[in-house]
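Participant: Before anything else, here's the structure in question.
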Amino acid sequence: MIALSWCCVQSLAAQESANDGGELLLRDFRPKQQLVVKEHLLTKASQPVVDVHIHMHYRLRGSREALEDFVGLMDRNNIAVCVSLDGKLGRQLDEHREYLWTRYRDRFAIFANVDWQGNAPDDAPHLWACHQPGFARRTADELERAAERGVCGLKVFKRFGLGYKNPDGTLVEIDDPRWDPIWAKCGELGLPVIIHTADPAAFFEPIDRYNERWEELSRHPDWSFYGDQFPSRKALLDARNRVIERHPKTQFIGAHVANNSEDLRTVSRWLDRYPNLWIEPASRIAELGRQPYTARDFLIRYQDRLLFGTDGPWPELRFQLYWRFFETRDESFPYSEKVPPPQGMWSIYGVDLPDDVLKKLYHENAAKLIPGVKERLEKYRSKTNDE
């Protein structure tokens, strides 16, 4: 006899009750859409794509087999180049270059990362590298050496502002002038900085019945930044913007639509104010796709400041949903292959961008902004034309 946990028994009981029209647990709700509308199930992008937001180390963990499989996916989907944001500096940069560039240097570009902590333990921030004299200058010098070895940008993760601590236990501030030499050096070297600041708006609200992403946060309560122990979302975004304004010669990429895809009017104001700010939509078509008219107008208006990103590698269907979102007028379709969907419990609508906007989004802007991408794109085109 198989013993079932009490949780399983409750869930099964809820499902049986639901079959009779009774109560249903939210985690068991799997509605099947009854709409009958046109579908365009795209299997590849209409133009070569440069994906500027890929995590080749954190998702594939050095697996050679996974790398080969992903390059096959890139070939099938017309993805010419991917930018891995996991280069770090030092030994991991050496290992990541060897992993990606032994066979596929023409298909992958690499961004470095700042090593704020060094080898110090988590609970001893006074020993962290970033609090030692000369840290920013040493990091700037490391970035210069990395650029000489082919690194083409810098990625800053969201723990900057939400996790890294000062010796007194307070959180490191994004606009602390101690870090200015790092941003200035990136401008001097022509290395764009892609920065993830804050997180979705729902993550800064109570996890209660009014939170539209309650289901997601109930599964990942550690993703919540609600409470006095964290800065407000506005404070974080304002601090990032002060850095962007203070370094006009450095190009900044606001990851995830500058992490404010719920409020495109405000992102528009930022783009108008900061000519050195770019945006990309990684993991945010869920937000853009539920406001298709606003999103389409926004994407067309700022077509010269758009880059393409996904936050992958993902299963192939996830990439194909990006093509469907940007290239079709399809209605009410999933933004993810997962059931239930990983973010909001809703469907999205395509924005059907004009070809000239798609061209800028998919590859032209990245080729202008990121060193080494133009040359890789040309090689990809030459190879595909020969085939």
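Participant: Given the conditions (1) over 18 Å from the mean Cα position of the chain (by Cα); (2) not in a helix (DSSP H, G or I), report the number of the one that Asp297 does not fulfil.
Facilitator: Failed condition: (2).
Participant: Look through the range 47-64, keep the residues that are over 13 Å from Gln92 (Cβ atoms) and assigned to a helix (DSSP H, G or I), and return whichever of them is farthest from the chain's Cα centre (by Cα).
Facilitator: Restricting to residues being over 13 Å from Gln92 (Cβ atoms) and assigned to a helix (DSSP H, G or I), the top hit is Arg64.
Participant: In contact (Cβ under 8 Å) with a residue 60 or more places away in the chain, open to solvent by 50 Å² or more (accessible area, probe 1.4 Å) and under 21 Å from the mean Cα position of the chain (by Cα) - does that describe any residue in the range 255-271?
Facilitator: Yes, that holds for at least one residue.
Participant: Continuing with the same structure: Of all the residues that make up the range 250-279, how many are touching a strand residue (DSSP E or B) at 6+ places or on another chain (Cβ under 8 Å), among the β-branched types (Val, Ile, Thr) and assigned to a helix (DSSP H, G or I)?
Facilitator: Summing the residues that are touching a strand residue (DSSP E or B) at 6+ places or on another chain (Cβ under 8 Å), among the β-branched types (Val, Ile, Thr) and assigned to a helix (DSSP H, G or I) in the range 250-279 gives 2.
Participant: Select, from Ile370, Ile348, the only residue that is crowded, with 17+ Cβ neighbours inside 10 Å and under 28 Å from Glu212 (Cα atoms).
Facilitator: Testing whether each residue is crowded, with 17+ Cβ neighbours inside 10 Å and under 28 Å from Glu212 (Cα atoms) leaves just Ile348.
Table: residues versus (1) under 21 Å from Asp94 (Cα atoms); (2) in a loop (DSSP other than H, G, I, E, B); (3) in contact with a Phe, Trp or Tyr (Cβ under 7 Å, 6 or more places away or on another chain).
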site: Asn119; (1), (2), (3): yes, yes, no
site: His126; (1), (2), (3): no, no, no
site: Cys130; (1), (2), (3): no, no, yes
site: Arg138; (1), (2), (3): yes, no, no
site: Ala147; (1), (2), (3): yes, no, no
site: Lys155; (1), (2), (3): yes, no, yes
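Participant: Of these, Val339, Val243, which one is surrounded by 20 or more Cβ atoms within 10 Å (Cβ to Cβ) and either in contact with a Pro (Cβ under 6 Å, 6 or more places away or on another chain) or touching a residue at least 60 places away in the same chain (Cβ under 8 Å) (or both)?
Facilitator: The unique qualifying residue is Val243.
Participant: In the range 1-47, what count of residues is obtained for those that are modelled with pLDDT of 65 or more and under 19 Å from Ser218 (Cα atoms)?
Facilitator: Here the count works out to 7.
Participant: Can you confirm whether Glu188 is in contact with a helix residue (DSSP H, G or I) (Cβ under 7 Å, 6 or more places away or on another chain), closer than 28 Å to Val83 by Cβ and open to solvent by 50 Å² or more (accessible area, probe 1.4 Å)?
Facilitator: no
The values are calculated or read from the model by the stated rules, or taken from the named source; none is laboratory data. Just so you know, these numbers come straight off a predicted model, no measurement behind them. We place every Cβ from the backbone using ideal geometry, glycine too, and count neighbours over all the protein chains shown. We work out accessible area using only protein heavy atoms, side chains counted, and drop any ligands, DNA or RNA first. Shrake-Rupley method; radii C 1.70, N 1.55, O 1.52, S 1.80 Å.
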